[in-house]
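Below: the structure, in structure tokens.
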Ligand SMILES: NC(=[NH2+])NCCC[C@H](N)C(=O)O
Ligand SMILES: [Mn+2]
Ligand SMILES: [Mn+2]
């Protein structure tokens, strides 16, 4: 029987919590409150208790972005659909600006050899986190935990919400698209499709299915989790992104909390039933901690304002915090 706390697998336990309180990648205000709520829940101290030295790294002025978002809503009839040059990507200027700020903060952290734990905000912020991590670890594999594939291009997106598009920007899939928003041209877009694996998918748009298939991206849906079990799936995912080394090598995890079933994590913008159980969702990151290869983590899409009951807020925030702690070495025994 393997024993011992998983945090012993991390050699250098220095971490920065990057705050990414951004909501412009989708239309529902409140997701910018995620970082504040998780900190209020005691996340930083509980990470220190696992033997990490921690510090806070702000990435942006939340008020500024929220202000712009509110202004835009007030001035637009029928929601927040702002189109530039006939492209349906909404708020591309805001997303470009915010993700660049996140990129700068995470770059600072990784270049100082610290572990970046980025708290969102909506999932568009991963454009910044993953780009910064790849600068430092070009060989890193990316595990994307999500109900959604978030790989729509600015042409395929059905909603225009850029939190449904970060992976396409990371892979440079919008580069040749006419009208690619100027604001997102800073993104290197050099993530190889071979270096990504999804876990938890169950709501993938038709255009996204085609991209996943055409590019041969490793994608494990809930069907695969049910069929093979979560441990086999996570091991297959690690091998998919590091085939030459049998799954060993640096791994970044971008964790959208809607990968977990809304029974457990109800306060999120685009919930989809039939997801991971809370234990599967936590085991996944426990297993990554055990590998000793996790180099960066995002926890995104907690939106306390979408809770109908107070209990939904605490369920969501405590689960979000548990995901971070388990990834950083917390064990049950
Ligand atoms: N990060 C997320 N929760 N993304 C949801 C995306 C939903 C849908 N596929 C879209 O493109 O709009
Ligand atoms: Mn999602
Ligand atoms: Mn997502």
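Please report the relative contact order for segment 137-260, taking Cα pairs under 8 Å with a sequence separation of at least 6, and give it as a percent rounded to a whole number. Let's see the in-between values first.
Numbers: 217 pairs, mean separation 46.8, N = 124.
The value is 38 percent.
To test your reading of the geometry: what angle, between 0 and 90 degrees and rounded to tens, separates the Cα axis of helix 278-291 from the longest principal axis of the chain?
Once rounded, the angle reads 70 degrees.
Could you rank the peptides 51-64, 135-148 by their average count of other C-beta atoms within 10 Å per residue, with the highest value first?
Details: 51-64: 16.2, 135-148: 22.0.
For the peptides 51-64, 135-148, the packing ranking is 135-148, 51-64.
Averaging sequence separations of C-alpha pairs under 8 Å and six or more residues apart, then dividing by the length of the chain, give the relative contact order as a whole percent.
Relative contact order for the chain comes out at 23 percent.
Report the full-extension gain for the segment residue 70 to residue 111: residue separation times 0.36 nm, less the Cα-Cα distance, to one decimal in nm.
Details: separation 41, 0.36 × 41 = 14.76 nm, distance 3.49 nm.
Full-extension gain reported as 11.3 nm.
Give me the distance between the Cα centres of segment 29-68 and segment 297-322, rounded to whole Å.
Cα centroid to Cα centroid, the span is 13 Å.
Go ahead and collect, in residue order, the members of segment 124-155 whose backbone nitrogen is under 12 Å from a label point 7 Å along the Cα-Cβ direction of residue 179.
154-155
Taking 0.36 nm per residue of separation and subtracting the Cα-Cα distance, what length does fully extending residue 305 through residue 279 add? Mind dumping the intermediate values first?
On the way: separation 26, 0.36 × 26 = 9.36 nm, distance 2.47 nm.
Gain in length upon complete extension: 6.9 nm.
Based only on the alpha carbon positions, what is the Kirkwood hydrodynamic radius of segment 12-81, in angstrom?
On the way: mean 1/r = 0.0722 Å⁻¹.
One over the average 1/r among Cα pairs gives 13.8 Å for segment 12-81.
Taking neighbour Cβ counts within 10 Å as the exposure measure, how do 280, 244, 235, 182 sort from fewest upward?
On the way: 280 22, 244 8, 235 16, 182 12.
In increasing order of surrounding Cβ atoms, one gets 244, 182, 235, 280.
On a 0 to 90° scale, report how tilted helix 62-75 is relative to the longest principal axis of the chain, with both axes built from alpha carbons and the result rounded to the nearest 10.
40
Short version: what are the Cα gyration tensor semi-axes of segment 6-327, square root of 5 times each eigenvalue, largest first, in whole Å? Intermediate values should be presented prior to the final figure.
Details: eigenvalues 140, 101, 79 Å².
The answer is 26, 22, 20 Å, longest axis first.
Between helix 92-111 and the chain, what is the angle of the helix's C-alpha long axis to the longest principal axis, kept within 0 to 90° and rounded to the nearest 10?
30
Obtain the nm distance between the two label points defined at residue 206 and residue 61 by a simple spin-label model: each point lies 7 Å from its Cα along the Cα-to-C-beta direction.
Each label point is offset 7 Å from its Cα along the Cβ direction, giving 4.5 nm.
Starting from one equal scatterer on each C-alpha and no solvent at all, send me the Debye-based log10 I(q)/I(0) for segment 182-310 at q = 0.14, 0.17 Å⁻¹, two decimals.
-0.70, -1.01
Over segment 231-298, how many percent of alpha carbon pairs lie in each 5 Å bin up to the one with the longest distance?
4, 17, 24, 22, 16, 11, 5, 1
Using Cβ contacts closer than 10 Å as the measure, can you line up 150, 293 from fewest to most? Intermediate values should be presented prior to the final figure.
Numbers: 150 27, 293 20.
Neighbour counts put them in this order, fewest first: 293, 150.
What is the packing order of peptides 30-39, 106-115, 307-316, 15-24, taking the mean over residues of other C-beta atoms within 10 Å and listing the highest first?
Values: 30-39: 23.0, 106-115: 18.9, 307-316: 15.4, 15-24: 26.9.
Ranking, from highest mean packing down: 15-24, 30-39, 106-115, 307-316.
Report the extension gain between residue 232 and residue 248 in nm, rounded to one decimal, defined as 0.36 nm multiplied by the number of residues separating them, less their alpha carbon distance. If you can, show how the numbers build up before the last one.
Values: separation 16, 0.36 × 16 = 5.76 nm, distance 1.51 nm.
That pair, residue 232 and residue 248, stretches by 4.3 nm at full extension.
Can you compute the modelled spin-label distance between residue 11 and residue 186, with each label point 7 Å from Cα toward Cβ, in nm?
The answer from the label model is 3.2 nm.
Under Stokes-Einstein, with the Kirkwood radius over Cα pairs standing in for Rh, what whole-number D in µm²/s applies to segment 91-138 at 25 °C and 0.890 mPa s? All intermediate terms of the calculation are to be shown ahead of the outcome.
Values: Rh = 10.6 Å.
For the chosen part, D equals 230 µm²/s.
How high is the relative contact order of segment 6-156? Use alpha-carbon pairs under 8 Å, at least six apart in sequence, and give a whole percent.
Numbers: 200 pairs, mean separation 50.6, N = 151.
So the answer I get is 34 percent.
No lab work stands behind these numbers, since they all come straight from the coordinates. Everything numeric in this text was worked out from a predicted model, so none of it was measured. Note: ideal-geometry Cβ built from the backbone for every residue, glycine included; neighbour counts use all protein chains shown.
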